[in-house]
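Student: This structure is in C-alpha cells; I'll ask about it shortly.
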C-alpha cells in the first residue's frame, strides 16, 4: 500500500492500480487492484462452474427478496438484516432439486419450504424470550383462513415485557410464496406478486394480564401454481408520546409455519 504525494481529483481504478481514501489516513492511498477481471469470469472456460453458481444465485435472490419485502409490516422489530440467512436456506432448497443440472436448478419452495420454519428476525431477542406459552396456528379449510391463537399471558409467568416499554401488540402475517423456476427468460416466480395479509391486535398494557388472543388472516385469490403459505408472527413494543409510537429494534419475530398451498 502506498500514498500519493501529489493530490488527484479522483478515486477509483486505473489500470491495475486502485486509488482510494480511508478514514485512517489523509490524502489518497494507492494499491494494486485485486480480483479477477469480469470479462475473464464471463468468458474463460476455467470459470464455467462459477458462472453456473452465479446463475443459480439469481433464483435465491428472487425468492429472498419476495419474502423479505412481504414482512414490511413487522420490519420495526428487526434488529439485523437476515437476508443472508434466507439466501442460505434458499441454497439448501435449491441443492435438493434433483431434475436439473447445476446452473439450471430451481427452488421448489412448495416441497422444501419447511426449511424456513423457525427463521428468527432478531439476534438480540427471541420470541420465546417474551412469550413462554405456546402459540398455535390452525387452518380452516372451509373458511380458507389461518388463525393464530395465543393463550392468556400473565406478566412474569407466561410473558416478559421489554424493559421500560409499557405497551405491546401481536402481529400475524400471511405470505404466499412461489416456487422459482427457470424459463426461457431466466428465473421467474410461478405466481404473480401478491400483497401479504397482516392482522394485528391493538396496543395492550404490558403490566396487566394479556387476554387470550386470536388473529385471523384470509387466503387471497391466487392465479398460478405451485405456491406455499408462510405464516410469520411478531411482538412489538411501544410507548405513548402524544400518540402511540412503535419502538424500533425491540421485540421479536420469526417464521412460525410453512404450509403447502396445494
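The values are calculated or read from the model by the stated rules, or taken from the named source; none is laboratory data. These figures come from a predicted structure and were not determined experimentally. Glycine also receives a Cβ, built like all others from the backbone with ideal geometry; neighbour counts cover every protein chain displayed.
Student: From 249, 187, which residue is closer than 27 Å to residue 64 by Cβ and part of a strand (DSSP E or B)? Before you say what the answer is, go through the steps one by one.
Tutor: Working: 249 fails: part of a strand (DSSP E or B).
Only one candidate qualifies: 187.
Student: Kindly provide the set of residues from the stretch 139-166 that are assigned to a strand (DSSP E or B) and under 17 Å from residue 233 (Cα atoms), ordered by number. Even if it seems obvious, please write down each step before you answer.
Tutor: We begin by selecting, within the stretch 139-166, every residue assigned to a strand (DSSP E or B); these are 139-140, 145-150, 153, 155, 159.
Of everything in the stretch 139-166, those that are assigned to a strand (DSSP E or B) and under 17 Å from residue 233 (Cα atoms) turn out to be 139, 145, 146, 147, 148, 149, 150, 153, 159.
Student: Next up: Can you tell me which of 165, 204, 185 is assigned by TED's automatic domain parsing to the domain that holds residue 79, surrounded by 15 or more Cβ atoms within 10 Å (Cβ to Cβ), free of Cβ contacts under 8 Å to residues at least 40 places away in the same chain and over 22 Å from the mean Cα position of the chain (by Cα)? Walk me through it before giving the result.
Tutor: On the way: 165 fails: free of Cβ contacts under 8 Å to residues at least 40 places away in the same chain; 185 fails: surrounded by 15 or more Cβ atoms within 10 Å (Cβ to Cβ).
Result: 204 is the single residue among 165, 204, 185 that is assigned by TED's automatic domain parsing to the domain that holds residue 79, surrounded by 15 or more Cβ atoms within 10 Å (Cβ to Cβ), free of Cβ contacts under 8 Å to residues at least 40 places away in the same chain and over 22 Å from the mean Cα position of the chain (by Cα).
Student: Tell me, which residue of the stretch 100-110 that is out of contact with any strand residue (DSSP E or B) (no Cβ under 6 Å at 6 or more places or on another chain) and at pLDDT 95 or above is nearest to residue 231 (Cα to Cα)? Walk me through how you get there before you give the answer.
Tutor: Here is the first cut: in the stretch 100-110, the ones out of contact with any strand residue (DSSP E or B) (no Cβ under 6 Å at 6 or more places or on another chain) are 100-103, 105, 108.
With at pLDDT 95 or above added as a condition, the list becomes 105, 108.
On the way: 105: 26, 108: 18 Å.
For the stretch 100-110, the residue satisfying everything is 108.
Student: Just give me the residues in the stretch 119-141 being in contact (Cβ under 8 Å) with a residue 12 or more places away in the chain and more than 26 Å from residue 78 (Cβ to Cβ), in sequence order.
Tutor: 139
Student: When you check residue 156 against the structure, is it surrounded by fewer than 21 Cβ atoms within 10 Å (Cβ to Cβ) and touching a residue at least 40 places away in the same chain (Cβ under 8 Å), yes or no?
Tutor: No, not satisfied.
Student: Now for a different question. Quick one: in the stretch 49-65, which of the residues that are in contact (Cβ under 8 Å) with a residue 40 or more places away in the chain and within 22 Å of residue 231 (Cβ to Cβ) is surrounded by the fewest Cβ atoms within 10 Å (Cβ to Cβ)? Lay out the reasoning, then the answer.
Tutor: At the first step, the residues of the stretch 49-65 found to be in contact (Cβ under 8 Å) with a residue 40 or more places away in the chain are 49, 51-53, 55-56, 58-60, 62-63.
With the extra rule that they be within 22 Å of residue 231 (Cβ to Cβ), the set shrinks to 60, 62-63.
Details: 60: 21, 62: 17, 63: 25.
Taking the candidates together, the pick is 62.
Student: In the set 146, 116, which member is touching a residue at least 60 places away in the same chain (Cβ under 8 Å) and in contact with a helix residue (DSSP H, G or I) (Cβ under 6 Å, 6 or more places away or on another chain)? Spell out the reasoning first.
Tutor: On the way: 146 fails: in contact with a helix residue (DSSP H, G or I) (Cβ under 6 Å, 6 or more places away or on another chain).
Of 146, 116, the one residue that is touching a residue at least 60 places away in the same chain (Cβ under 8 Å) and in contact with a helix residue (DSSP H, G or I) (Cβ under 6 Å, 6 or more places away or on another chain) is 116.
Student: Kindly evaluate residue 96 against the criterion of being surrounded by fewer than 19 Cβ atoms within 10 Å (Cβ to Cβ), at pLDDT 95 or above and in the same structural domain as residue 168 (by TED's automatic domain parsing).
Tutor: Details: surrounded by fewer than 19 Cβ atoms within 10 Å (Cβ to Cβ): yes; at pLDDT 95 or above: yes; in the same structural domain as residue 168 (by TED's automatic domain parsing): yes.
The answer is yes for residue 96.
Student: May I ask you to list the residues in the stretch 66-89 that are in contact (Cβ under 8 Å) with a residue 60 or more places away in the chain and surrounded by 14 or more Cβ atoms within 10 Å (Cβ to Cβ)? Steps first, answer last, please.
Tutor: So in the stretch 66-89, the residues in contact (Cβ under 8 Å) with a residue 60 or more places away in the chain come out as 66-67, 70-74, 76-79.
Of everything in the stretch 66-89, those that are in contact (Cβ under 8 Å) with a residue 60 or more places away in the chain and surrounded by 14 or more Cβ atoms within 10 Å (Cβ to Cβ) turn out to be 66, 67, 70, 71, 73, 74, 76, 77, 78, 79.
Student: Among the listed residues 210, 194, 171, identify the single one that is under 29 Å from residue 91 (Cα atoms) and modelled with pLDDT under 95.
Tutor: On the way: 210 fails: under 29 Å from residue 91 (Cα atoms); 171 fails: modelled with pLDDT under 95.
Unique residue meeting the criteria: 194.
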